[in-house]
Amino acid sequence: MLSGNEIRKIFLQYFASKGHTVVASSSLVPHDDPTLLFSNAGMNQFKDVFLGLDQRSYRRATTSQKCVRAGGKHNDLDTVGRTARHHTFFEMLGNFSFGDYFKREAITYAWEFLTEVVKLPKEKLWATVYLDDDEAFNLWQEITDLPVERIVRLGEKDNFWSMGETGPCGPCSEIIIDRGPAYRCEAPQCALGVCDCDRWLELWNLVFMQFNRDETGKMTPLPRPSIDTGMGLERVTSVLQGVDSNYDTDLLQPLIKFVEALTGQDYHRDQRGFPYRVISDHARSCTFLISDGVLPSNEGRGYVLRRILRRAVRFGKSLGLNDPFLYRMVPVVGQLMGNAYPEILEKQEYVQKVIRIEEERFHETLHDGMRVAEDMIQKVKQQNRSQILGEEAFLLYDTYGFPIDLTEDIAEEHGLTVDQEGFKVAMEAQRQRARNARQEVRAWDKNLLLTGALEGLPPTQFLGWDTMAASGQVLALIQGKERVATAQEGGEVLVLLDQTPFYGESGGQVGDSGSLIAEGAVLQVEDTLKLPDGKIIHQARVKTGIIRESDEVTAQVEEELRRDTARNHSATHLLHKALKEVVGEHVNQAGSLVEPERLRFDFSHFTALSPEEIQAVEERVNQQIWRNLYVESRETSLEEARAMGAMALFGEKYGERVRLVSIGDYSRELCGGTHVDRTGTCGIFKIVSEAAIGAGLRRIEAVTGSGAYRYLSERMQVLLDTATVIKAPPLEVSHRVETLQQALRDREKEISALQGRLAIYEVEHLLDQTQEIQGIKVLATGVKADDVETLRAMADLIRDKLGSGVVILGSPWADRVGFVAMVTKDLLGRGLHAGKIIKAVASVAGGGGGGRPDMAQAGGKDPSRLDEALGMGIEMIGKMLKSVG
């Protein structure tokens with residue numbers, strides 16, 4: 001019997017033997033695609049190739065792609081563990097053709113692999129084709145042994161695929177295995193295409209990408225039809241190993257057995273095994289997501305990870321696992337899948353640390369959430385309700401991670417129900433907010449537009465690694481959405497040259513600015529961008545004359561800005577290595593911005609860097625700068641660069657050929673940006689700030705060269721100015737400020753003591769204004785208080801002096817007025833209520849408020865009505881006493 005790992009290996013080897021390039025799985029975090037939460041299909045990493053935005057050195061590829069479907073359009077989270085097939089994490093086996101072979105070869109390869117390589121019985125296999133796809137229907141008869149009755153035509157819902165509302169699309173053909181009558185459903189007619197039961201199991205989907213659909217829905221044939229196929233590894237493994245469920249395969253059973261060992265309880269394949277299946281699946285998802293740079297947070301991908309992780313912990317608690325346990329499953333995932341995906345072994349310790357911290361945090365949150373749930377239930381009962389509102393259940397879900405079923409269990413224990421519809425409404429409102437937050441300019445839409453307008457033109461030759469000025473020929477001009485022959489003075493235009501020294505924005509480095517000079521025209525280049533297919537676009541404004549297609553131009557980069565950018569880019573590489581040395585190897589770049597003025601570096605880490613760590617990082621970077629190391633850039637293969645220990649950055653997509661930047665013996669990174677020749681050119685490196693930008697993510701901003709000089713000069717001037725003001729030498733400013741602060745604190749204590757004595761004196765004086773209303777002492781008067789705290793302190797003193805009575809104080813402040821009302825506890829039974837008194841008082845002065853029966857405070861907008869407001873307070877007391885007789 002083949003193992004899951006063997007099936008993966010055999011699949012890739014088979015397609016390699018058919019001329020396919022074996023391409024490594026891309027990250028679960030899609031590169032430069034804001035439309036996708038996680039990689040969820042094998043074709044994701046080839047999307048730009050199918051769209052014509054990118055070109056590869058191969059036209060046939062095969063992969064085993066790690067995928068996650070949890071959140072967004074494709075969300076299997078709540079189904080995991082309930083069925084035999086659904087997962088949040090799974091592997092998709094696939095073969096791809098980019099304008100090379102088409103339907104005949106795709107069907108031939110799939111049939112040969114299933115029936116001759118892994119030897120599935122032909123008599124159990126069926127095929128489905130799109131309703132109108134006669135070509136595929138006929139090919140299945142010609143190439144395979146399938147009888148006509150086992151080739152089923154289905155409609156667009158089942159057998160037509162599209163990348164989006166517009167773009168590449170086409171019919172597809174699915175290979176189905178009939179698992180026999182034992183797996184049929186209860187439907188009177190259990191047949192393929194009629195029901196969706198476990199008898200008819202989809203194994204492989206072959207997508208025939210042959211049309212392009214425009215905005216009107218019109219489909220035109222693609223000039224180079226392509227192939228995209230996908231077969232779930234877990235699913236085909238279950239068939240080949242003869243088990244009923246993916247969870248019974250050797251890809252997941254070791255994880256389930258680990259949970260059995262933790263709990264001391266046996267796994268059951270019925271509903272009792274539901275928690276085991278959830279935990280085994282979620283352990284894989286968490287391991288792979290964190291390895292690919294996702295960290296738990298309250299938004300986006302991090303929020304989905306947090307939900308998956310906490311869901312596993314919740315089901316662990318249902319099995320009696322009340323201490324962190326999920327982090328202990330990471331090595332098991334590594335043992336199962338580390339050979340295919342070595343990154344999970346390389347980052348195993350880091351992944352365990354992230355999961356354990358999140359588990360501990362959730363246990364604390366769960367404890368707090370139970371208290372909130374108990375208070376909520378008490379409130380429901382006090383209000384004589386029989387149901388927890390949907391928004392209340394959503395609060396527990398969203399803030400404390402309570403799944404709705406847990407809230408229902410708690411409610412049931414108290415004889416209550418949960419408003420499911422209201423919960424769904426609140427959930428949908430949150431999803432809509434998330435959708436709105438994701439409405440952003442899609443870079444690849446713009447790229448697609450430009451690529452369409454520039455179709456057929458070659459990539460730009462970049463000369464900027466060696467020079468900042470070069471000649472070039474104008475290949476195309478674009479204004480708006482159209483390609484134009486000329487651009488007039490004052491017009492904005494996008495310019496494509498055959499070669500350029502201008503760097504197009506990519507890899508975190510901003511695009512160059514400068515000028516293009518032609519005979520009779522001068523253009524100011526304001527920015528430069530790089531398209532995925534290698535074309536470099538100059539965003540320019542025509543300062544004088546007319547620019548034309550085919551003009552020869554001199555391209556001149558703004559040299560000083562480029563040099564400043566290069567200093568900051570080389571320093572970014574030094575910073576990355578220094579952080580790994582000082583903070584830990586778990587540090588990985590999560591983003592960067594390299595500009596002439598500064599550099600910004602985002603990295604994975606749990607806590608703020610201490611002042612000592614920041615200083616140590618600065619020192620290490622500056623030591624390498626002062627060593628004046630050579631910076632060498634050269635092109636090499638990706639495999640060779642990695643063998644040399646080069647760091648590949650998270651989220652970046654690399655081709656077969658890469659540019660390796662080596663800084664002496666200190667740093668090696670894959671990078672296509674521009675750099676200094678020697679580190680000494682950076683001058684000095686200074687960290688400006690270090691802060692959190694999300695859960696487990698930190699950001700450093702720093703400066704080098706002239707930027708560092710300006711930064712340090714400005715701060716030195718501030719130091720000198722401060723030294724002059726406080727009359728101290730610059731090096732003694734800190735000590736002098738501490739001395740002044742202590743003196744200030746001492747004076748504040750003296751002032752506070754004097755104010756307390758003055759307040760007592762004033763209170764004694766105010767007691768003379770006490771009046772009686774129906775035998776109750778009442779003091780309502782205006783006073784002078786610096787703030788509401790002082791006003792409340794004076795009211796406390798008066799209340800204590802009165803012993804029994806009511807106090808109403810008001811104090812004017814500039815354009816507003818503050819009020820405090822207090823009722824001694826012995827009078828609360830006589831209908832007096834400080835909150836109601838203060839509400840009446842504040843309303844006269846244009847304010848509002850309320851509070852407890854014994855004490856309340858409020859504010860008003862009109863200080864001129866202070867006396868009138870106090871009068872209303874006295875009137876309100878009379879009414880209250882009268883109402884209770």
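Restricting attention to region 469-500, the residues that are open to solvent by 10 Å² or more (accessible area, probe 1.4 Å), among the small types (Gly, Ala, Ser) and part of a strand (DSSP E or B) add up to 3.
The sole residue among GLU374, GLU359, GLU391 that is in contact (Cβ under 8 Å) with a residue 24 or more places away in the chain, among the charged types (D, E, K, R) and surrounded by fewer than 18 Cβ atoms within 10 Å (Cβ to Cβ) is GLU391.
Screening GLU690 with (1) surrounded by fewer than 19 Cβ atoms within 10 Å (Cβ to Cβ); (2) at pLDDT 85 or above; (3) over 25 Å from ILE536 (Cβ atoms); (4) among the acidic types (Asp, Glu) gives one miss only, at (1).
Of all residues in region 179-223, those satisfying the criterion of being among the aromatic types (Phe, Trp, Tyr) and closer than 15 Å to PHE160 by Cα are TRP204, PHE208, PHE211.
Within region 217-252, restricting attention to residues that are farther than 25 Å from TRP126 by Cα and within 34 Å of the chain's Cα centre (by Cα), the residue that is most open to solvent (accessible area, probe 1.4 Å) is ASP250. Regarding region 536-544, can at least one residue be identified that is assigned to a strand (DSSP E or B), basic (Lys, Arg) and within 30 Å of PRO30 (Cα to Cα)? Checked against the condition, which is being assigned to a strand (DSSP E or B), basic (Lys, Arg) and within 30 Å of PRO30 (Cα to Cα), region 536-544 yields no hits at all.
Just so you know, in region 156-196 the residues that are loosely packed, with under 12 Cβ neighbours inside 10 Å and modelled with pLDDT of 80 or more include one that is farthest from LYS103 (Cα to Cα), and it is ALA182.
Taking THR249, is it at pLDDT 95 or above, within 24 Å of LYS9 (Cα to Cα), polar (S, T, N, Q) and in contact with a strand residue (DSSP E or B) (Cβ under 8 Å, 6 or more places away or on another chain)? For THR249, the condition - at pLDDT 95 or above, within 24 Å of LYS9 (Cα to Cα), polar (S, T, N, Q) and in contact with a strand residue (DSSP E or B) (Cβ under 8 Å, 6 or more places away or on another chain) - is not met. Of the listed requirements (1) over 48 Å from the mean Cα position of the chain (by Cα); (2) open to solvent by less than 20 Å² (accessible area, probe 1.4 Å), LEU791 misses just one: (1). The residues listed here are LEU255, LEU262; of these, the one that is over 20 Å from PHE11 (Cα atoms), more than 24 Å from the chain's Cα centre (by Cα) and open to solvent by less than 10 Å² (accessible area, probe 1.4 Å) is LEU255. Taken together, LEU336, LEU262 contain a single residue that is among the hydrophobic types (A, V, I, L, M, F, W, C), out of contact with any Lys or Arg (no Cβ under 7 Å at 6 or more places or on another chain), assigned to a helix (DSSP H, G or I) and under 30 Å from ARG60 (Cβ atoms), which is LEU336. Here ARG235 clears all of (1) touching a strand residue (DSSP E or B) at 6+ places or on another chain (Cβ under 9 Å); (2) touching a residue at least 24 places away in the same chain (Cβ under 8 Å); (3) in a strand (DSSP E or B) except the condition numbered (3). Within region 165-208, the set of residues being touching a residue at least 60 places away in the same chain (Cβ under 8 Å), farther than 16 Å from LYS124 by Cβ and either among the charged types (D, E, K, R) or out of contact with any Cys (no Cβ under 8 Å at 6 or more places or on another chain) (or both) comprises GLY167, PRO168, SER173, GLY193.
The number of residues in region 669-721 that are without any contact (Cβ under 8 Å) to a residue 40 or more places away in the chain and within 33 Å of the chain's Cα centre (by Cα) comes to 4. Criterion applied to ARG85, ARG153, ARG104 was being under 21 Å from ILE7 (Cβ atoms) and open to solvent by 10 Å² or more (accessible area, probe 1.4 Å), and the one residue passing it is ARG85. Considering only residues that are at pLDDT 90 or above and outside any helix (DSSP H, G or I), look in region 417-438 and name the one that is most open to solvent (accessible area, probe 1.4 Å). Looking at the filtered set, the residue picked out is THR417. At pLDDT 85 or above, more than 17 Å from LYS879 (Cα to Cα), touching a Lys or Arg at 6+ places or on another chain (Cβ under 7 Å) and hydroxyl-bearing (Ser, Thr, Tyr), is that true of THR781? No, not satisfied. Considering only residues that are open to solvent by 60 Å² or more (accessible area, probe 1.4 Å) and either under 60 Å from the mean Cα position of the chain (by Cα) or closer than 18 Å to SER864 by Cα (or both), which ones fall in region 769-786? Once the filter is applied, which keeps residues that are open to solvent by 60 Å² or more (accessible area, probe 1.4 Å) and either under 60 Å from the mean Cα position of the chain (by Cα) or closer than 18 Å to SER864 by Cα (or both), region 769-786 yields LYS784, ASP786. Note on region 864-880: residues that are farther than 24 Å from LEU797 by Cα and surrounded by 14 or more Cβ atoms within 10 Å (Cβ to Cβ) amount to 2. Based on this model, can you work out whether LYS861 counts as over 15 Å from LEU766 (Cβ atoms), open to solvent by 40 Å² or more (accessible area, probe 1.4 Å) and either of a type in the set (D, E, K, R) or touching a residue at least 60 places away in the same chain (Cβ under 8 Å) (or both)? Yes.
The values are calculated or read from the model by the stated rules, or taken from the named source; none is laboratory data. Keep in mind that this is a model prediction, so the values were computed, not measured. Note that each Cβ is placed from the backbone with ideal geometry, even for glycine, and that neighbours are counted across all protein chains shown. Surface accessibility is based on the protein's heavy atoms, side chains included, excluding ligands, DNA and RNA. Shrake-Rupley method; radii C 1.70, N 1.55, O 1.52, S 1.80 Å.
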